[in-house]
Structure formats: C-alpha cells, structure tokens
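The values are calculated or read from the model by the stated rules, or taken from the named source; none is laboratory data. Remember, it's a predicted structure, so these values are computed and weren't measured experimentally. Here the Cβ positions follow ideal geometry from the backbone for every residue, glycine too, while neighbour counts run over all protein chains shown.
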Amino acid sequence: MRLFEVESLSKYIQAIRGMKDLLPERSPYWQFVEDTLVGVLESYGYAEIRTPILEKTELFERSIGEVTDIVEKEMYTFTDRNGDRLTLRPEGTAGCVRAAIENGLLRNAALRLWYLGPMFRHERPQKGRYRQFHQIGVETFGFQGPNVDAELILMSARMLRAIGLSDIRLEINSLGTPEVRARYRNELVAYLSAREDALDEDSRRRLTTNPLRILDSKNPEIQAIVAGAPQLLDALDGESRAHFDGLRAILDAVGLTYVVNPCLVRGLDYYTHTVFEWVATGLGAQGTVCAGGRFDHLVEHLGGPATCAAGFAVGLERLVVLLEERGTITPRVTPHVYIVHVGEEAARSALVFAESLRNVVSDLCIEVHCGGGSLKAQFRHADKRNARLVLVVGETELATGVVTVKDLRGDLPQQTVSRTDLPEFLERLFRNNRP
C-alpha cells in the first residue's frame with residue numbers, strides 16, 4: 001500500500017513512545033543551549049570526547065550498580081548476533097571512564113573532558129523526561145581535594161546563568177567515603193526497619209537493595225519518616241568533613257548561594273564525597289536540570305589506575321522546556337537575504353549569484369527561492385521565512401548588473417544596488433544586526 005493511500009494517521013509507523021522528533025521550529029532553542037554551554041566549558045579549558053552510544057552491559061552493571069533502578073528496570077539491553085550483551089548508554093560517565101582507561105588517557109595526566117549526546121532509559125515519559133534524552137556531561141580525572149568540586153559547581157552555575165536561568169536552587173551534600181557510607185547504611189537500615197510497616201512498596205524493596213535511595217523519596221509520607229532518620233552528615237569522618245568544609249568555604253568566598261540537603265544521595269552507586277543538584281521551578285517532580293559529584297573509586301573499580309574523579313551532567317530537554325516557556329530565543333536560521341527571480345534566465349543564474357555573494361559575505365544567511373512561483377508568491381515565502389531583505393533578480397537587473405533591494409523588516413526605501421557594491425552594502429547594514 002502506498003503512503004498516500006493510508007486512511008488514518010494511526011496506521012503510519014510512528015516514533016517509539018518517549019522518543020521525540022526534534023522539529024525545525026524547536027531547533028533554535030537546542031542550538032542556543034548547546035552552543036552556549038559548550039562555549040562556557042571551553043572557556044574553562046575542557047576538551048570534547050566522543051564515545052559510542054552502545055557499550056557492553058557489564059560496564060553499567062559494574063559502574064552504576066546492579067541493584068539500582070537504572071540497571072534493574074530502565075536499561076535498553078539486548079544480545080547481538082555474536083551473543084554479546086549490549087546496552088544503549090543510560091548515562092555518560094561509565095563510557096567516558098572506559099574510554100579514558102582503554103586509550104591510556106590517565107597516565108600521569110589531569111583531564112578535563114566534556115561530551116554531548118543521547119542517553120536512553122525506559123522510564124515513564126513526562127514533562128522534560130523522555131526515554132531518549134540528551135545530556136552535556138563533564139568529567140574530570142586526577143584532581144584531589146575539594147577545589148575541582150568547587151570548579152564544577154561554579155562552572156555549572158555560569159552555564160545556567162549564560163542561558164538565562166535564574167529561578168534555580170543549588171543543593172549540596174556529602175556522601176563521605178565508602179567506609180563512612182557503609183556504616184551509615186547500617187544505621188539507616190536499622191531505623192527504617194523499625195518502621196517498615198509504614199514504608200511504601202518501593203521503599204521496602206529498596207530497604208534491602210539500596211536503602212540510601214529512600215532518603216530522596218518523593219512520597220510525602222516517606223519524607224515524614226525520613227525527616228527523623230539519622231543523617232549521613234553526622235556520620236562523616238574527619239577526612240570527609242574536611243573535604244566538605246573545604247568545598248563550602250570556596251562557595252562561600254565566591255558568594256554562591258546553596259542549600260545543604262542531607263537527603264541528597266543521587267541514584268548511582270559510584271558517588272563519594274560531594275554530590276550536588278541544580279533544581280529549577282516549573283518542571284514539577286522532574287526539577288533537576290544539572291547534577292553530579294565526585295567518584296574517586298570508579299576508575300579503579302573498572303580496571304584502571306586509582307584516580308580521583310568528579311563530574312556532572314546537564315539535561316538538555318529540561319533546559320529547552322524552561323527556555324521555550326520563557327519564549328526568549330530568536331530563531332537563528334532566519335535569512336538575512338532572500339533572493340527571488342523573474343524569468344527563466346534569472347532563475348538559472350540566481351544560485352550562481354548567491355554562491356558568489358556567499359564567497360565575500362560568508363557570515364550572512366542567504367537563501368534562494370527554489371521551486372518556481374510568481375514574484376508575489378516568492379515575496380510571500382520570503383516574508384514567511386522572516387527574511388530581512390529581498391533581492392530581486394530579473395531580466396533588467398541581469399542586463400544592468402544590479403539587484404533590486406526590498407526591506408521587509410526595516411525602513412529602508414526600495415532601491416537598486418550594483419552587484420559590485422552589494423557586499424559592502426550588506427556588510428554595512430548587518431554589521432551590528434546579525435540574527
């Protein structure tokens with residue numbers, strides 16, 4: 001059956017639930033967010049790394065933790081034709097660590113890296129949260145002490161400010177060392193076990209698998225129980241306390257406002273010491289737009305040399321949702337110049353003319369009308385594309401070496417400009433007015 005014979009949209013092959021097409025009208029928001037965040041990262045000296053979307057399943061089982069929700073319920077895992085178990089990456093840190101170990105990047109080196117791309121988790125789709133989602137991730141390797149933790153938090157603050165977000169809250173906590181967390185885990189389990197009858201089904205399951213995750217339950221009844229639980233901050237040893245105090249001292253010196261949240265634990269097993277989240281209003285329960293922390297033992301756990309590490313990830317979908325609601329982004333793919341033509345010879349020469357113009361004014365967006373149509377129809381399309389100027393090329397213009405210039409958005413009078421003078425004319429007009 002041919003496509004145009006299909007009677008109902010429901011009979012078309014549609015996108016997988018929770019995996020969205022990015023349509024042209026939304027692209028400017030994504031381009032703005034990506035370009036702005038990457039610009040801040042590069043200004044701090046971070047370099048890009050690109051890793052595969054597919055990794056061996058064992059990588060995530062060993063790094064994230066086999067009893068986490070991600071590994072147990074959310075990963076897209078399959079066996080390929082060679083019998084290997086493979087997984088679409090649910091997060092970027094494990095793959096970045098694997099790449100650093102495999103390619104020898106950790107030999108006597110301190111690294112600052114970033115990456116950008118899609119991640120995959122089989123979750124219930126909701127506002128700002130999809131089964132294919134995109135992150136900009138940042139990882140550092142080889143830096144001891146709280147200084148790099150502070151740099152990551154300060155840099156993330158600058159990234160969020162750069163895209164215009166102000167109604168966001170920074171929450172920080174310390175998970176201490178693995179030994180501290182193990183002792184605290186026993187205290188927490190004892191406290192919650194005495195109240196097991198009051199726990200919901202999810203919390204009872206986590207009580208024997210990952211009890212720290214109960215601390216950040218969104219269930220108000222569980223939050224009331226957790227409010228009386230022993231706090232991890234009270235269980236910190238001297239080393240962990242000094243690290244956390246050092247971080248807070250730097251943030252205080254810079255004047256960055258934050259909230260210490262003793263229930264902030266993050267959902268991944270590999271974190272140690274510092275964890276942090278940036279939380280935005282307007283996204284409901286999924287308000288976290290950036291989160292991360294320190295993971296000093298993950299590299300060694302995955303077979304590499306003992307290496308201090310810390311990082312964070314920014315959820316791009318959630319940032320785009322916030323920016324769209326504000327409506328403050330101007331589409332970038334808007335022509336400065338739209339070329340229309342009258343007559344067959346002009347239609348043939350329009351593309352050649354446009355290429356010659358791009359050679360000398362390469363920073364302008366120049367669009368040529370294609371597909372025919374009357375001059376009136378071409379002007380309508382130029383207006384729909386939100387073009388600033390229309391250049392008319394007809395038989396008269398071809399014969400005299402000029403173009404007719406029509407200003408659709410400003411107050412310039414209609415005029416003719418020679419092709420020789422046109423580059424200077426355009427440069428003067430758009431010098432301080434790039435869309």
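Out of Val352, Val403, one residue alone is crowded, with 16+ Cβ neighbours inside 10 Å and of a type in the set (A, V, I, L, M, F, W, C). It is Val403. Arg204 passes every criterion in (1) in contact with an Asp or Glu (Cβ under 9 Å, 6 or more places away or on another chain); (2) more than 30 Å from Leu54 (Cβ to Cβ); (3) modelled with pLDDT of 90 or more apart from (3). Among the residues of region 14-58, how many are over 14 Å from the mean Cα position of the chain (by Cα), buried (at least 17 other Cβ atoms within 10 Å of the Cβ) and aliphatic (A, V, I, L, M)? Number satisfying all stated conditions: 1.
Hey, does region 182-200 have a residue that's in contact (Cβ under 8 Å) with a residue 40 or more places away in the chain and surrounded by fewer than 17 Cβ atoms within 10 Å (Cβ to Cβ)?
Of the residues in region 182-200, the ones in contact (Cβ under 8 Å) with a residue 40 or more places away in the chain are 183-184, 187-188.
Imposing the further condition that a residue be surrounded by fewer than 17 Cβ atoms within 10 Å (Cβ to Cβ) reduces the set to 183, 187.
Looking through region 182-200, at least one residue is in contact (Cβ under 8 Å) with a residue 40 or more places away in the chain and surrounded by fewer than 17 Cβ atoms within 10 Å (Cβ to Cβ).
Output the residue which, of all residues in region 367-400 that are in contact with a strand residue (DSSP E or B) (Cβ under 8 Å, 6 or more places away or on another chain) and part of a loop (DSSP other than H, G, I, E, B), is surrounded by the most Cβ atoms within 10 Å (Cβ to Cβ). In this case the residue turns out to be Ala387. Does Gly287 qualify as being in contact (Cβ under 8 Å) with a residue 40 or more places away in the chain, among the small types (Gly, Ala, Ser) and assigned by TED's automatic domain parsing to the domain that holds Pro118? No, not satisfied.
Of all residues in region 86-129 being touching a helix residue (DSSP H, G or I) at 6+ places or on another chain (Cβ under 8 Å) and at pLDDT below 90, which is surrounded by the fewest Cβ atoms within 10 Å (Cβ to Cβ)? Quick ask: steps written out before the conclusion?
Going residue by residue through region 86-129, those that are touching a helix residue (DSSP H, G or I) at 6+ places or on another chain (Cβ under 8 Å) are 86-87, 89-91, 93-95, 97-98, 100-101, 105-106, 111, 113-116, 121-123, 127-129.
Within this subset, residues satisfying the condition of being at pLDDT below 90 are 123, 127-129.
On the way: Glu123: 17, Lys127: 13, Gly128: 23, Arg129: 20.
Within region 86-129, the match that is surrounded by the fewest Cβ atoms within 10 Å (Cβ to Cβ) is Lys127.
Among the residues of region 136-144, some residue qualifies, meaning at least one is at pLDDT 95 or above, among the polar types (S, T, N, Q), assigned to a strand (DSSP E or B) and surrounded by 20 or more Cβ atoms within 10 Å (Cβ to Cβ).
Against the list (1) of a type outside the set (Lys, Arg); (2) more than 20 Å from Thr288 (Cα to Cα); (3) under 32 Å from the mean Cα position of the chain (by Cα), the condition Ala227 fails is (3).
Pull up region 245-271, narrow it to residues that are of a type in the set (Val, Ile, Thr) and in contact with a Lys or Arg (Cβ under 9 Å, 6 or more places away or on another chain), then point me to the one that is modelled with the lowest pLDDT.
First pass over region 245-271, keeping only residues of a type in the set (Val, Ile, Thr): 250, 254, 257, 259-260, 265.
With in contact with a Lys or Arg (Cβ under 9 Å, 6 or more places away or on another chain) added as a condition, the list becomes 257, 259-260, 265.
Numbers: Thr257: 96, Val259: 96, Val260: 96, Val265: 82.
The qualifying residue modelled with the lowest pLDDT is Val265.
Yes/no matrix, rows are residues, columns are (1) in the same structural domain as Ala310 (by TED's automatic domain parsing); (2) in a helix (DSSP H, G or I):
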position: Tyr191; (1), (2): no, yes
position: Asp202; (1), (2): no, yes
position: Glu221; (1), (2): no, yes
position: Pro230; (1), (2): no, no
position: Gly246; (1), (2): yes, yes
position: Ile250; (1), (2): yes, yes
position: Pro262; (1), (2): yes, no
position: Arg266; (1), (2): yes, no
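Of the residues examined, Val321 is one that is in the same structural domain as His134 (by TED's automatic domain parsing), part of a helix (DSSP H, G or I) and not basic (Lys, Arg).
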